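Trainee: One structure follows; several queries about it will come next.
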Amino acid sequence: MSSQLSRRAAGRLLILGTAATLAACAGLNSMLAPSTVEISREELLKKLGQQFPMRNQIMDVFDVTANAPRLNMQPEANRVLADIDLSATDRWFKRQYQGSLWLSFGLRYEPRDQTIRLANVTIDKVSVQGLPESYQRQMTKLGSWLTEDRLQDYVVHRFTPEELKRADEHGLTVADIKITQRGLAIKLAPKS
């Protein structure tokens, strides 16, 4: 009788031990799954910088070049500010003008192609020293061209098949994108 009890007790201990081990492995597995993917400010700038320099002509009068931006992360607004140096050359008199374009943007996830894209790109200010006011307004049109044609929905990150496979194995998907002082924090959460 006592050997039967000890076998039952040993069997229960074995079952409990196996269950505890499986539970621990499951917990460890979920701890190994990343809950946040980070993209540094430098990586974001490198990807965005591929669009620059941009060149355009305004009213057949100015050749304008927009150089690679400097980025200022704004976590409190969940936006990124970009300061872009402009140079304009008057095609008739060959005068040079220097200025800046300030724009800001948010980011969004596009599940269709698993990309992070610029969103809600807005022109905050355009300023070119020495340029008459009427031409300053034309520079604002350049800013609109820059945002609407070149930067709106621009892809700044594409998840690799390996990243997607790992996230899918853990039942995760992109839930939120936060701007931080260091770059982007892409939060992964269980699929609903």
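Any read-out appearing in this document is the output of simple, stated calculations on the displayed coordinates, not a laboratory observation. Quantities reported herein were computed from a predicted structural model and do not represent experimental measurements. Every residue, glycine among them, receives a Cβ derived from its backbone with ideal geometry; neighbour counts consider all protein chains shown.
Trainee: How large is the charge dipole for the range 114-190, taken about the Cα centre, if only the Cβ atoms of Lys, Arg (+1) and Asp, Glu (-1) carry charge, to the nearest 20 debye?
Mentor: Working: 11 positive and 10 negative charges, 37 e Å.
So the dipole magnitude of the range 114-190 works out to roughly 180 debye.
Trainee: Quick query: amide H of T180 versus all other amide H atoms, modeled in the peptide plane; which residues come in under 5 Å with a sequence gap of 5 or more or a different chain?
Mentor: Here A185 satisfy the definition.
Trainee: Let me ask something else about it. Using a Förster distance of 30 angstrom, determine the FRET efficiency expected from the C-beta separation of N78 and E162, and round it to 0.05. Before the final figure, lay out the partial values.
Mentor: Working: r = 28 Å, r/R0 = 0.93.
The formula returns an efficiency of 0.60 here.
Trainee: Continuing with the same structure: Pairs on different chains or at least eight residues apart, Cα atoms closer than 28 Å: how many lysine pairs in the range 53-192 fit?
Mentor: Close lysine pairs under the 28 Å cut-off: 9.
Trainee: Moving to a separate point now. Calculate the dipole size of the range 52-192 relative to its Cα centre from +1 charges on Lys and Arg beta carbons and -1 charges on Asp and Glu beta carbons; express the result in debye to the nearest 20. Show your work: numbers first, answer last.
Mentor: Values: 20 positive and 18 negative charges, 23 e Å.
Dipole about the Cα centre, nearest 20: 120 debye.
Trainee: Also, I was wondering about something else. Under a crude label model (7 Å from the Cα following the beta-carbon direction), how far is K125 from T65 in nanometres?
Mentor: 2.5 nm
Trainee: Ok, one more. Need one number: nm distance between label points at S35 and S192, each 7 Å from Cα along Cα→Cβ, rounded to one decimal.
Mentor: Between S35 and S192, the label points sit 1.9 nm apart.
Trainee: For the range 121-192 and the range 49-95, what is the separation of their Cα centres, given in Å?
Mentor: Spelled out, the Cα-based centre of one part sits 16 Å from the other.
Trainee: Give a residue-ordered list of calculated ³J(HN,Hα) values for the range 102-113 (Karplus: 6.51 cos²θ - 1.76 cosθ + 1.60, θ = phi - 60°; whole Hz; x for Gly, Pro).
Mentor: Once rounded to whole Hz, the list reads 10, 9, 9, 7, x, 9, 9, 9, 10, x, 4, 10.
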